[in-house]
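What follows is a set of notes on a single structure, which appears directly below.
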Amino acid sequence: MARTGTKTSARRTAARKPVVKSRNKPVRPAQRKRAAVAAPKAVAQPKEVKRPSHIFRVSHHSEEDFEIGLRRYAKYRDLGMAKATGGMVQAHVIRFVAPCRPEEVSKLHYHDVEFQMIYVLKGWIKTELEGQGKHVMRPGSAWLQPPRVKHKVLDYSDDCEVLEVILPADFETVELT
């Protein structure tokens, strides 16, 4: 006689997954409440920075574009990036005026910037950066000056030209000596 409505133990056993016992003590309801209270809150996602829109800009070399700028011993050719990036980036070619006069150029200063990269196009330049010592940079040399690093130009060749890229476009230069 077969019983109706009963399940066979074979089926139940086959359907069960193995049980892994934990060595942790079971959590009581009161402990669950405390754990929920102590759980870290979700980390807020960083807000997306609203950057100015950029426009297409091209700058072709012209000798007339070099003008005395920040310093009397250097002529600057603005590449138009400040306008093209809504003030986010400044880029210019700096042509140093010969001959180098160390008494004029070797003034310790820093720039209040977020980013400053220099790339030597022609000639050479000798510079000193706080904590980094003196370096002679030649064509193809590039360096990153950390924000607000104190530095000075020590010497340069008569044909020295560098490309400088700075963020933001509008920044302060602070002379220290």
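The values are calculated or read from the model by the stated rules, or taken from the named source; none is laboratory data. No experiment lies behind these values; they were computed from the predicted model shown. Backbone-built Cβ (ideal geometry, glycine too); neighbour counts: all protein chains shown.
Being modelled with pLDDT under 75 and more than 30 Å from residue 94 (Cα to Cα), is that true of even one residue in the range 50-60? Within the range 50-60, not a single residue is modelled with pLDDT under 75 and more than 30 Å from residue 94 (Cα to Cα).
Checking each residue in the range 85-99 for being outside any strand (DSSP E or B) and surrounded by 20 or more Cβ atoms within 10 Å (Cβ to Cβ) picks out only 85.
The residues listed here are 113, 97, 120; of these, the one that is touching a Pro at 6+ places or on another chain (Cβ under 8 Å) and more than 30 Å from residue 50 (Cβ to Cβ) is 120.
Answer yes or no: is there a residue in the range 63-76 that is among the β-branched types (Val, Ile, Thr), assigned to a strand (DSSP E or B) and at pLDDT below 95.
Yes, the range 63-76 has at least one match.
Among the residues of the range 104-147, those identified as of a type in the set (Lys, Arg) and more than 18 Å from residue 91 (Cα to Cα) are 107, 126, 134, 138.
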